[in-house]
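Asker: First the structure, then my questions, so here it is.
The values are calculated or read from the model by the stated rules, or taken from the named source; none is laboratory data. Not measured: the values here are computed from a predicted model. Glycine also receives a Cβ, built like all others from the backbone with ideal geometry; neighbour counts cover every protein chain displayed. Calculation scope for accessible area: heavy atoms of the full protein, side chains included, ligands and nucleic acids excluded. Shrake-Rupley method; radii C 1.70, N 1.55, O 1.52, S 1.80 Å.
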Amino acid sequence: MHLVSHDYYANSNRHDLGLQALSGTIKRLRLDAQKNGGACLLVDNGDLLQGTPLGDHLVQHPHLTSPHPVAKVMDAMGYDVLGLGNHDLDYGLPYLAQFARSMSAPLLSSNTHLTEPTDWLHTSTILPAGSLKVGVLSVLPTRTSTWVHSHLFGIATFSDMEATVSETASRLRKDGADLVLALAHTGIGTYQDENALSRIAASGDVDALVGGHTHVLFPDLNATEVPGADMLSGHLHGIPTIMPGFAGEVLGCIDLHLVQSTKGTWNIQSSKAHLAPAQAAPQVPELAAIAPAHRATCAALDEVLGETCVPLTSYFALVQPTPMLALIASAKMQAIDLARQGTEFASLPLLAATSPDRAGGHIGAHNYADIPSGPLQRRQIAQMHVFPNDIWGVPVSGLELRRWLERSATIFTHPLDLSRKGLLSHEVPPFDFDIIFGVTYGIDPTSLPQFDANGNCLNPNTSRIEDLRYQGQLIRDQDRFFVATKSYRACGGGYFPGLTPERTMLRPNLPVSQVVQDFVQSRRVPKITPPWRMSTKARGLKTWFETGPGAIPHLNDIAGYSPETPIELDSGFLRIPITL
């Protein structure tokens with residue numbers, strides 16, 4: 001939903017992001033193709049409908065969405081086909097259907113199977129491109145059924161990505177496609193069952209490949225070594241491949257030079273994939289349809305809902321407790337405590353799990369919350385929790401609680417790498433670092449992690465979590481608690497042991513964003529004991545971590561770590577040497 005080149009959280013223009021900034025490049029490349037006698041297709045690879053307050057506003061004000069203004073924008077830009085991403089399902093199927101039916105270009109998902117037949121979601125398509133017939137298919141991770149369980153249970157299933165690509169590509173060729181393009185909403189790296197891009201490329205079933213999901217770039221000359229990748233030509237296992245980051249920061253381009261055989265078939269003589277940067281574009285007539293919703297979003301975000309007596313930032317949320325996460329935890333506790341009254345969970349000790357949504361990661365060095373003390377606008381509250389999750393309540397044992405925290409502690413790097421690779425593992429996204437409020441505990445990064453990023457138990461006899469207590473008492477395995485958490489986590493998002501949609505839990509219709517807004521408006525001041533601390537076993541260890549450049553005025557917040565002079569990196573991040 002980065003259509004307009006605008007940062008809704010900071011209320012400032014970002015000329016280097018968004019469809020607005022890509023529009024000029026799209027037009028130029030189309031003209032180049034026409035001048036050279038070629039054909040050009042424009043595609044989107046999913047997660048279009050969610051990601052900024054603009055997306056939330058359109059859902060909350062359905063009278064603005066008929067026909068859907070984003071569909072009108074895509075038509076005006078001349079999009080040929082769109083693939084489905086997991087976040088496009090975050091607002092439910094009726095909303096997605098209304099969008100798809102408003103748009104001329106087909107919406108594809110080859111491995112999504114709905115229990116009821118539909119006219120708005122297609123398995124694949126064959127598009128004309130000059131004298132060519134281009135078959136297009138689309139897949140997304142099967143774990144979408146877990147992440148969006150509340151919207152999809154009983155009405156959608158997802159088949160294996162690799163098998164679906166192979167079967168659909170074969171069928172498209174039989175139906176007359178000269179080439180097959182895969183819109184694969186999947187990436188490279190951690191979480192192997194949701195990142196299948198390398199395996200799809202290695203199969204050789206398609207002629208060109210668009211990846212995504214993980215917000216990283218491909219080809220990327222600055223990336224660490226990727227098996228099977230040729231970054232200079234933009235090939236992955238010999239297949240021209242692009243992953244254009246996120247938020248319209250670049251335009252992915254695949255150039256195919258074809259020759260026709262005497263039998264009339266087309267063959268790729270040469271190919272190249274590359275990324276074209278966004279460029280400032282003050283006026284883009286094609287975005288006119290979204291302008292009213294953009295203005296209304298900006299106006300709504302200006303509303304003051306409360307105030308804070310301390311700055312609320314996420315620069316250090318991965319290395320120590322922060323007031324911002326304490327506020328979110330307080331809001332969750334208040335809301336779920338009311339919701340559980342009269343249920344079997346009402347008497348259990350209440351805890352809250354929360355994680356920093358905006359703390360760097362693949363999104364980049366600007367992806368941090370930075371809220372000064374004083375009035376709290378709706379836009380500032382929106383910085384705290386950016387995903388459209390609900391709050392659910394999960395009953396857990398003391399043992400399950402410990403395992404939850406052990407999986408969370410996977411974000412700290414292997415103890416042998418603390419000095420060489422820094423304190424934090426880049427394999428674990430910030431939103432998978434759960435902090436559980438209502439208990440106290442220490443984290444020992446010098447111990448081997450019990451779990452890996454995929455939730456596999458690597459070292460059952462080690463523990464990074466120590467001295468886990470509730471109200472001063474050591475927690476026993478058989479103790480029972482009730483944890484307020486986000487629906488994504490309760491359903492199994494992030495591969496946390498024991499958390500699955502099948503277990504008994506409380507599922508009130510309480511969006512996290514609304515709960516935090518209500519709490520701020522109640523003018524209550526959160527009074528929660530900081531839940532975790534770094535273990536004394538790590539004391540004196542020199543290491544470092546990366547954070548956003550806006551952290552410099554707040555360095556005194558981590559005075560206990562004796563921070564040294566920050567180092568500016570080419571990526572935009574700051575590297576801060578510390579002593580634990």
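Asker: Determine the gain in length on full extension of the stretch residue 175-residue 283; use 0.36 nm per residue of separation and subtract their C-alpha separation, reporting nm with one decimal.
Answerer: On the way: separation 108, 0.36 × 108 = 38.88 nm, distance 4.18 nm.
Here the segment from residue 175 to residue 283 would lengthen by 34.7 nm.
Asker: Also: Gap in Å between the Cα centre of region 1-54 and the Cα centre of region 237-254?
Answerer: 13 Å
Asker: Quick one, which of [x] 28.9; [y] 25.1; [z] 23.2 is the actual Kirkwood radius over Cα pairs in Å calculated for this model?
Answerer: [y]
Asker: Still on this structure: State, to one decimal in nm, how far the label point of residue 514 lies from the label point of residue 528, with both points 7 Å from Cα in the Cβ direction.
Answerer: The modelled label-to-label distance comes out at 2.1 nm.
Asker: Could you list the trypsin sites (Lys or Arg not before Pro) in region 353-437 that lie in coil according to DSSP, counting only those with at most 13 other Cβ atoms within 10 Å of their Cβ? Before the final figure, lay out each step's value.
Answerer: Details: sites: 358, 378, 379, 402, 403, 407, 420, 421; in loops: 358, 420, 421.
Within region 353-437, the qualifying trypsin sites (Lys or Arg not before Pro) (loop, at most 13 other Cβ atoms within 10 Å) are 420.
Asker: With a cut-off of 8 Å between alpha carbons and a minimum separation of six or more residues, what is the relative contact order of region 173-320 in percent? Show your work: numbers first, answer last.
Answerer: Details: 213 pairs, mean separation 23.9, N = 148.
Relative contact order here is 16 percent.
Asker: Less than 15 Å Cβ to Cβ from residue 54, Lys/Arg counted +1 and Asp/Glu -1: what total charge do the surrounding residues give?
Answerer: Numbers: positive: 14, 72, 295, 378, 379; negative: 7, 47, 56, 88, 90, 302.
With Lys, Arg at +1 and Asp, Glu at -1, the neighbours total -1.
Asker: What lysines could a cross-link reach from residue 174, if we take a straight Cα to Cα line under 22 Å and drop same-chain neighbours fewer than 8 places away?
Answerer: Within reach: 133, 263.
Asker: Additional query: Keeping every protein chain present and rolling a 1.4 Å probe, give me the accessible area per residue for the chain in Å².
Answerer: On the way: 24250 Å² over 580 residues.
Normalised by residue count, the accessible surface of the chain is 42 Å².
Asker: Here is a further query. Tell me the mean residue ellipticity at 222 nm calculated for the chain from its helices only (DSSP H runs of n ≥ 4, each -39500 (n - 2.57), averaged over every residue, nearest 500).
Answerer: On the way: 14 runs with 133 residues, N = 580.
Using -39500 (n - 2.57) per qualifying helix, the result is -6500 deg cm²/dmol.
Asker: Using the charge dipole of the chain (Lys, Arg: +1 at Cβ; Asp, Glu: -1 at Cβ; taken about the Cα centre), state which of 183, 310, 548 has its Cα farthest towards the positive end.
Answerer: Of the listed residues, the answer is 310.
Asker: For region 379-394 and region 164-178, what is the centre-to-centre distance using only Cα atoms, to the nearest Å?
Answerer: Between the Cα centres of region 379-394 and region 164-178 lies a distance of 41 Å.
Asker: Please figure out what share of the DSSP beta bridges in the chain is antiparallel and state it in percent, rounded to the nearest 5.
Answerer: Working: 62 of 84 bridges.
Roughly 75 percent of the DSSP beta bridges within the chain come out antiparallel.
Asker: To make sure I understand the rule: partners must be lysines, Cα under 20 Å from the Cα of residue 332, and not fewer than 8 residues away in the same chain. Which ones qualify?
Answerer: Within the straight-line limit of under 20 Å, residue 332 reaches these lysines: 486, 527.
Asker: If you don't mind, there's one more thing I want to ask. Size of the dipole of region 160-263 about the Cα centre, Lys and Arg at +1 and Asp and Glu at -1 on the beta carbon, nothing else charged, in debye to 20?
Answerer: So the dipole magnitude of region 160-263 works out to roughly 320 debye.
Asker: Also, quick follow-up: Under 17 Å from the Cα of residue 542, which lysines turn up, not counting those fewer than eight places away in the same chain?
Answerer: Excluding near neighbours in sequence, the set is 421.
Asker: Would you mind working out the magnitude of the charge dipole of region 108-209 relative to its Cα centre, with +1 at each Lys and Arg C-beta and -1 at each Asp and Glu C-beta, to the nearest 20 Debye?
Answerer: On the way: 6 positive and 11 negative charges, 24 e Å.
It works out to roughly 120 debye.
Asker: Right, here's the next one. Counting only protein heavy atoms and using a 1.4 Å probe, what share of the accessible area of the chain belongs to carbon plus sulfur, as a whole percent?
Answerer: Values: 12470 of 24250 Å².
Its accessible area is 51 percent carbon and sulfur atoms.
Asker: Excluding residue 211 itself, calculate the net charge of residues whose Cβ lies under 14 Å from the Cβ of residue 211, where each Lys or Arg counts +1 and each Asp or Glu counts -1.
Answerer: Details: positive: 199; negative: 44, 47, 162, 194, 220.
Result for the local shell: -4.
Asker: Right, another one. I'd like the distance separating the alpha-carbon centroids of region 56-111 and region 405-482, in whole Å.
Answerer: Here the two parts' Cα centres lie 39 Å apart.
Asker: With everything on Cα atoms, drop me the angle between helix 398-408 and the longest principal axis of the chain, reported from 0 to 90° to the nearest 10.
Answerer: Around 50 degrees separate the two axes.
Asker: Spin-label point model (7 Å from Cα, Cβ direction): what's the residue 427 to residue 320 distance in nm?
Answerer: Here the modelled spin labels are 2.8 nm apart.
Asker: Report the extension gain between residue 113 and residue 39 in nm, rounded to one decimal, defined as 0.36 nm multiplied by the number of residues separating them, less their alpha carbon distance.
Answerer: The span from residue 113 to residue 39 would gain 23.4 nm if fully extended.
Asker: Among 2, 24, 39, which residue has its Cα furthest toward the positive end of the charge dipole of region 1-40, with +1 on Lys/Arg Cβ and -1 on Asp/Glu Cβ?
Answerer: After comparing all options, I get 39.
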